[in-house]
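I have placed the structure first, in the form of structure tokens, so that the comments after it can refer back to it.
The values are calculated or read from the model by the stated rules, or taken from the named source; none is laboratory data. It should be emphasised that the depicted structure is a prediction, and the values quoted were computed from it without experimental measurement. In this analysis, Cβ positions are derived from the backbone assuming ideal geometry, glycine residues included, and neighbour counts consider all displayed protein chains.
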Amino acid sequence: MEVECDNCGQKTEKSRKKVERNEHNFCSTDCYHEFGRPDKRGNDKVELSCEQCGSTFEVYPYREDSARFCSRECKDAQMAGKTGEGTPNYQGQTETFTCEECGGEFERYKHKNDCKFCSKECYRKASKEIFSGDGNPVWRGGYDGYYGPNWEEQRQAALERDNYECQDCGSRSEENPVHHKKRMGWFKEEYESPQWYLRANKLENLVTLCPSCHMKREWEEGPISED
């Protein structure tokens, strides 16, 4: 559909979806930028010289300090074959680092001060140690895998109460895990046997979840308060 540019008034073609989605319509990128800078409206364009071909071209005043080329072709031609300090994104010389996992040396740019591993493989290997125990963001104090002599009975009771359905997403399976709303470790820290497992495995502290929702809850809850 034909619309009028909100900056210069020139007629331009736009799709109906774009017209309905946007508050303003523009015939060009220059008009879009000029319209967004009220202090620049009405100013005449300034003339610059292209750094590649030497021809003159015009831009609005707000682009005077950043515009260097008259076209994309001239910019590409200027950048072709340039490496190192000749490129706009040059980040400095590389530096030699020593991998904390395998001990091998590797090269990275100087500005990257967090270079500890030479590869993803070494990072994964090291992560098994770095993020174990209290180094893990969802560490809850650890547990020994024993939920008390009444666990299987209470687990089955929770599954039957919830009809084997995940209470977060509704998926049903007899293999769904049962989650402790308040972590088992907290009860072991606060109570002696048999109170720790009698309290921890109460039905009101248990909820049926599918494996995916179970994992999601573990990560969302993170370290649980002992209040």
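I'd like to know if segment 33-42 contains one or more residues that are of a type outside the set (Phe, Trp, Tyr) and at pLDDT 80 or above. Within segment 33-42, none of the residues are of a type outside the set (Phe, Trp, Tyr) and at pLDDT 80 or above. The residues in segment 154-182 that are in a helix (DSSP H, G or I) and surrounded by 12 or more Cβ atoms within 10 Å (Cβ to Cβ) can be counted, and the count is 6. Screening segment 109-157 for residues that are on the phi > 0 side of the Ramachandran plot and at pLDDT 55 or above and picking the one that is farthest from the chain's Cα centre (by Cα) gives Gly148. For residues that are without any contact (Cβ under 8 Å) to a residue 12 or more places away in the chain and under 31 Å from the mean Cα position of the chain (by Cα), scanning just segment 5-34, find the one that is surrounded by the fewest Cβ atoms within 10 Å (Cβ to Cβ). Of everything passing the filter in segment 5-34, Glu23 is surrounded by the fewest Cβ atoms within 10 Å (Cβ to Cβ).
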